[in-house]
Amino acid sequence: MEKGASLVTTIAQLVTLTGHQGLENLETSQLRISSFLLEAHKEVFRKLEGRGVDPTLLTNSTDYEPAVAWRCLANLAAVGAITVRGESAGEIHERYQGKADLVFSEVRPVTASSSSGPRAGVIYPKSYNQGPSYFGGGWSDDLPSFT
């Protein structure tokens, strides 16, 4: 995942991911959906960074496409570009933002380092039995002692 290039790049992809129709009619000289897609992508990127994930290392970045798409629609709703019968712009924004957050929370980020093992890069303490002891406690470990 790159910061400067959106996962979702076309209106057709946006419609496919969300099912929201009529988006091609929104394009004007002042409103470019591609700009909203890029901003939504950056928001997802920053959210991943906030969780301690380096988005540039993701191997499953396409799983975040629906989150980008719903966040884009939420941002379009926030500026009043999207209307749904009987709902205010704020209500639409909240609903679409909720869908984006739900999709985001359901995806487990997988990076090159995390896919190489159950906990790649984590050093586990070792413990072992030193053999029989007459005074008990024949176990040893490499855990730090706090006594």
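Worth a mention:
- Annotation: amide H-H contacts under 5 Å for Thr111 (H modelled 1.01 Å from N, sequence separation of 5 or more, or interchain): Thr59.
- Note, ³J(HN,Hα) from phi for the stretch 66-75, Karplus 6.51, -1.76, 1.60, rounded to Hz, x at Gly and Pro: x, 5, 5, 4, 5, 5, 4, 4, 4, 5
- When Ser105, Ser61, Ser88, Ser6 are sorted by how many other C-beta atoms sit within 10 angstrom of their C-beta, beginning with the fewest, the order is Ser105, Ser88, Ser61, Ser6.
No lab work stands behind these numbers, since they all come straight from the coordinates. In this text, all values refer to a predicted model and were calculated from it rather than measured experimentally. Neighbour counts are summed over all protein chains in view; Cβ atoms, including those assigned to glycine, are modelled from backbone coordinates with ideal geometry.
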